[in-house]
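**Q** One structure coming up, written as structure tokens, with questions to follow.
The values are calculated or read from the model by the stated rules, or taken from the named source; none is laboratory data. This is a predicted model, so every value here is computed, not measured. Cβ placement follows ideal geometry from the backbone for every residue including glycine, while neighbour counts extend to all protein chains displayed.
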Amino acid sequence: MKKCGLSKTTWLVCSSLVILAVVLFLIFYFSGGLSFSPPKQDTYFSCVNNACTLVEGVGVNECHSEGSFCGCIDTDIEENYPSGMNFFLQGTARNSTLSQTDFCSANGRLVEYACYNNEISNFEIACESLGDYACVSGECFPDHLEFEDCEDSDGGLDYNAEGRAFNGKVRLADYCTGDGKLAEIYCSQDNEGILIQIFDCSTLRNSICEYGKCVSAV
């Protein structure tokens, strides 16, 4: 066997063969010859209405185990809020790996979760920007709610205690707003409504709002 480099002719032949091999490899590679994508098949599993469904046709499995959950769902989707960006109802968005529930952040803003391209996304909003609303229990509530037989655990306008006003299934707790003020939840005098009063803790000597009440800053 001859070795490259023994003669000019042999060197040219070897160089040409090497170049040809490189060109063929590149053509093979970029044409998908080395692709590691799953092979297509006559029937495959597709995510349809958040369920893994067997589909007739040529394609690649999008999920596994027929009937299993896939995709993303949001529990506060309504007719007026088909995207799930419903600021007036607390909901939970979940996909196959994660579950997130709407909540009020430490600064009093609503963190709203929704589905986007089968992934969970979030959006933060100040309920006050929607009108006379405040963030309570993961949704934007009107600042005056009409109910019956209202009870308040801290006895009314007690700025130094965290309280909860409740009626039946509705429970609203005192909280701190985004600008550091106290949102005091209390019952109306006739006990037929739940009210929210915004109170500035700084009017009390050396006080700030923390955990739904005014506390000493010292």
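**Q** Tell me, yes or no, whether the range 144-165 has at least one residue that is among the polar types (S, T, N, Q), part of a loop (DSSP other than H, G, I, E, B) and at pLDDT below 85. Walk me through how you get there before you give the answer.
**A** Taking the range 144-165 and keeping what is among the polar types (S, T, N, Q), we get 153, 160.
This time we only want the ones that are part of a loop (DSSP other than H, G, I, E, B), so: 153, 160.
Adding the requirement that they be at pLDDT below 85 leaves none.
No, the conditions are met nowhere in the range 144-165.
**Q** So, of the residues in the range 188-200 that are within 34 Å of the chain's Cα centre (by Cα) and surrounded by fewer than 21 Cβ atoms within 10 Å (Cβ to Cβ), which turns out to be farthest from residue 104 (Cα to Cα)? Let's see the steps before the verdict.
**A** We begin by selecting, within the range 188-200, every residue within 34 Å of the chain's Cα centre (by Cα); these are 193-200.
Now drop any that are not surrounded by fewer than 21 Cβ atoms within 10 Å (Cβ to Cβ), which leaves 193, 195, 197-200.
Details: 193: 22, 195: 18, 197: 17, 198: 16, 199: 18, 200: 19 Å.
So, considering only residues that are within 34 Å of the chain's Cα centre (by Cα) and surrounded by fewer than 21 Cβ atoms within 10 Å (Cβ to Cβ), the one farthest from residue 104 (Cα to Cα) is 193.
**Q** With respect to residue 162, determine if the residue is charged (D, E, K, R) and in contact with a Lys or Arg (Cβ under 9 Å, 6 or more places away or on another chain).
**A** Numbers: charged (D, E, K, R): yes; in contact with a Lys or Arg (Cβ under 9 Å, 6 or more places away or on another chain): yes.
The answer is yes for residue 162.
**Q** For the range 123-144: of the residues being in contact with an Asp or Glu (Cβ under 7 Å, 6 or more places away or on another chain), over 12 Å from residue 91 (Cβ atoms) and not aliphatic (A, V, I, L, M), which is surrounded by the most Cβ atoms within 10 Å (Cβ to Cβ)?
**A** In the first step, residues of the range 123-144 are kept if they are in contact with an Asp or Glu (Cβ under 7 Å, 6 or more places away or on another chain); the result is 123, 125, 132-134, 138-139, 142-143.
Add one more test, that the residue is over 12 Å from residue 91 (Cβ atoms), and what stays is 123, 125, 132-134, 142-143.
This time we only want the ones that are not aliphatic (A, V, I, L, M), so: 123, 132-133, 142-143.
Values: 123: 12, 132: 12, 133: 20, 142: 16, 143: 17.
Restricting to residues being in contact with an Asp or Glu (Cβ under 7 Å, 6 or more places away or on another chain), over 12 Å from residue 91 (Cβ atoms) and not aliphatic (A, V, I, L, M), the top hit is 133.
**Q** Go through the range 66-116 and give me each residue that's hydrophobic (A, V, I, L, M, F, W, C) and over 30 Å from residue 45 (Cβ atoms). Steps first, please.
**A** Here is the first cut: in the range 66-116, the ones hydrophobic (A, V, I, L, M, F, W, C) are 69-70, 72-73, 77, 85, 87-89, 93, 98, 103-104, 106, 110-111, 114-115.
Within the range 66-116, 87, 88, 89, 103, 104, 106, 110, 111 meet the criteria.
**Q** Now for a different question. Tally the residues that are among the hydrophobic types (A, V, I, L, M, F, W, C) and surrounded by fewer than 18 Cβ atoms within 10 Å (Cβ to Cβ), restricting the search to the range 100-122.
**A** Pass one, the range 100-122, residues among the hydrophobic types (A, V, I, L, M, F, W, C): 103-104, 106, 110-111, 114-115, 120.
Those left that are additionally surrounded by fewer than 18 Cβ atoms within 10 Å (Cβ to Cβ): 103, 106, 111.
Adding up the residues that qualify gives 3.
**Q** Residues being among the β-branched types (Val, Ile, Thr) and modelled with pLDDT under 85: count how many of those fall in the range 120-136.
**A** Here the count works out to 1.
**Q** Taking the range 184-210 as the search range and keeping residues that are of a type in the set (Val, Ile, Thr) and part of a strand (DSSP E or B), which one is nearest to residue 158 (Cα to Cα)?
**A** Let us first name the residues in the range 184-210 that are of a type in the set (Val, Ile, Thr), namely 185, 194, 196, 198, 203, 208.
Those left that are additionally part of a strand (DSSP E or B): 185, 194, 196, 198, 208.
Details: 185: 9, 194: 15, 196: 12, 198: 12, 208: 14 Å.
Applying the filter and picking the extreme gives 185.
**Q** Need a quick list: strands (runs of 3 or more DSSP E) entirely within the range 69-141 having at least 1 residues that are within 14 Å of the chain's Cα centre (by Cα). Steps first, please.
**A** Working: elements: 72-74, 92-95, 99-101, 110-116, 119-125, 133-136.
It comes to 72-74, 92-95, 99-101, 110-116, 119-125.
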